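Encoded as structure tokens, the structure appears first; notes follow it.
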Amino acid sequence: MASRALIKIFNRSKTSLTGIRIILARTYCSTENPATRHDLYSRITAVTDPRCGVTPVLQKWIEEGNNVNESLLRRIIRSLRSRRRYSHALEVSKWMSGNGSKFSSSDSAVQLDLIGRVHGLISAKSFFNSLKEEDKSVQTYGALLNCYVQEGLVDESLSLVKKMKEMGFLTSPLTYNDIMCLYTKTGQLEKVPDVLSEMKRNGVSPDIFSYRVCINSYGARADYNSMGKVLEEMKSKRDIKMDWLTYSVVANYYIKGGLKEKGISYLKECEKLCKTAEGFNYLISFYATLGSKDEMKRLWALQKVKCKKQANRDYLTMLSSLVKLGELEEAEKLLEEWELSFKTFDFRVPNTLLIGYCQRGLVEKAEAKLQDIIKRRKTASPSSWAIIASGYVNNNMEKAFECFNEALAVQAENRDWRPKESLISSILSWLGENGEVEDAETFVNSLKSKVPINREMYHALLKAYVRNGKEVEGLLECMKNDKIDEDEETMKIISPQK
């Protein structure tokens with residue numbers, strides 16, 4: 001069993017139990033050396049671990065005698081933001097502003113937005129207040145407003161908009177869109193159309209996003225008549241190019257409201273405008289929800305023609321849709337097709353089929369499939385083993401424990417992996433009632449790299465100790481040191497030793 005291979009910090013004597021507070025941890029950065037890349041963009045994007053900074057990469061680039069221009073740095077920041085790598089994007093932005101680069105008000109607005117995402121609203125406000133008055137442009141005000149909107153702060157947002165109006169900054173739809181998003185976020189959907197009307201009264205032309213948010217506000221309140229009118233107004237605007245996403249919003253609300261035929265007619269409109277995999281993936285998922293396998297397969301074939309190459313996410317969408325409909329044989333064939341075509345192995349793709357097997361009680365088949373993938377490809381992802389462990393929970397806890405230990409043993413393959421609380425609870429409960437002391441100790445110690453030590457872990461250990469006749473005083477002392485008080489359940493567990 002994998003747990004036997006792990007380092008044990010528990011000694012069999014009670015005096016060594018203070019070791020329970022030791023957490024085995026390492027700091028990992030990208031497995032690839034960024035310096036092997038030939039351009040700055042590639043070097044920075046190669047640093048994928050958010051715990052590892054990119055400033056050393058920039059410094060190294062300069063030390064090698066290379067130049068850095070503002071347009072490249074902006075491109076890098078834009079790319080990192082699009083990938084939600086906000087901390088790295090902020091690092092580049094700060095490096096840019098602190099190393100003599102030309103820093104415009106738009107650059108300041110981007111940095112403010114990133115500060116808000118990484119460090120929170122208070123830090124964003126502090127940055128805004130530190131700017132010179134001449135640098136407080138419509139962009140920086142807009143970035144601060146967006147921070148307020150993200151926090152759902154209505155009064156602060158409206159107060160800032162009032163000031164922006166006094167300064168003559170309400171000349172584009174962006175600010176109005178923010179307020180419509182704010183009302184959507186705070187559940188005040190009835191106020192969204194009023195903002196759209198105010199925008200038009202003030203001579204600001206709504207953009208496609210303005211109309212879409214308003215359509216959403218009507219659809220969410222099942223006001224299909226008004227939703228249709230806004231859609232028709234939107235279609236009549238020469239400066240607005242209709243997109244598949246807007247039609248998908250309309251289709252979704254009609255179908256949710258029981259108007260299936262009307263909803264499907266808008267899905268057809270949506271399809272006409274699909275030119276990217278994203279749109280086709282949405283449609284395939286939607287038709288899976290409707291139980292229409294034929295439409296899914298038709299769209300998958302059409303996507304292959306129009307999009308040429310299929311990425312992992314595209315196979316993931318189609319596999320998930322087939323599994324949802326219980327079409328496991330077709331899912332197996334699609335997985336085989338993916339295995340012949342992928343460039344980057346993504347365990348999320350086969351995991352989809354593993355989940356399908358487990359949901360239908362075919363856990364042994366799921367485990368056999370995973371073992372086959374490991375044999376032919378590579379070390380498994382911890383999430384894959386966790387899926388198998390969850391499948392065994394209801395009928396074979398020993399196997400569930402074994403598979404979960406396999407997950408913990410390969411967690412370096414995905415450091416962002418976090419096991420489900422329900423799975424952890426089931427295994428801890430089983431260990432407390434049935435497991436060996438050594439297994440319980442090793443499991444808790446391994447688990448601490450993913451989950452902070454808690455009462456449930458101690459209770460499992462206490463139960464194992466009491467069952468096996470081992471003294472609990474040292475363990476109770478560790479529990480106290482970890483600031484976890486004894487409760488009624490604790491007293492009940494240890495009562496046989498009193």
> Mind checking whether some residue in segment 260-268 is in a loop (DSSP other than H, G, I, E, B) and surrounded by fewer than 16 Cβ atoms within 10 Å (Cβ to Cβ)?
Replying inline: no
>> Return the residues of segment 117-138 that are touching a Ser or Thr at 6+ places or on another chain (Cβ under 7 Å) and buried (at least 20 other Cβ atoms within 10 Å of the Cβ); say none if nothing qualifies.
In response: 128
> Which is at pLDDT 95 or above, among the basic types (Lys, Arg) and in contact with a helix residue (DSSP H, G or I) (Cβ under 7 Å, 6 or more places away or on another chain), of 162, 191?
Replying inline: 191
> Could you count how many residues in segment 468-492 are in contact with a helix residue (DSSP H, G or I) (Cβ under 8 Å, 6 or more places away or on another chain) and under 17 Å from residue 436 (Cβ atoms)?
Replying inline: 5
> What is the number of the single condition among (1) surrounded by 19 or more Cβ atoms within 10 Å (Cβ to Cβ); (2) within 30 Å of residue 50 (Cα to Cα); (3) in contact with a helix residue (DSSP H, G or I) (Cβ under 6 Å, 6 or more places away or on another chain) that residue 427 does not meet?
Replying inline: (2)
> What do you reckon, is residue 450 without any contact (Cβ under 8 Å) to a residue 24 or more places away in the chain and not small (Gly, Ala, Ser)?
Replying inline: no
>> For a quick check of your reading: which helices (runs of 4 or more DSSP H) sit entirely within segment 387-460 and have at least 2 residues that are within 25 Å of residue 360 (Cβ to Cβ)?
In response: 397-409, 421-434
> In segment 346-386, what count of residues is obtained for those that are within 26 Å of the chain's Cα centre (by Cα), more than 21 Å from residue 326 (Cα to Cα) and in a helix (DSSP H, G or I)?
Replying inline: 6
> Is segment 214-232 home to any residue that is out of contact with any Ser or Thr (no Cβ under 8 Å at 6 or more places or on another chain), at pLDDT 95 or above, at positive phi and surrounded by fewer than 20 Cβ atoms within 10 Å (Cβ to Cβ)?
Replying inline: yes
> What's the number of the condition residue 171 fails, among (1) hydroxyl-bearing (Ser, Thr, Tyr); (2) at pLDDT below 95; (3) in a helix (DSSP H, G or I)?
Replying inline: (3)
> Looking at this structure, is residue 60 of a type in the set (D, E, K, R), more than 24 Å from residue 175 (Cα to Cα), more than 25 Å from the chain's Cα centre (by Cα) and not in a helix (DSSP H, G or I)?
Replying inline: no
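The values are calculated or read from the model by the stated rules, or taken from the named source; none is laboratory data. Because the structure is predicted, anything quoted here is derived from the model rather than measured. Cβ coordinates were reconstructed from backbone atoms using ideal geometry, including for glycine residues, and neighbour counts include every protein chain displayed.
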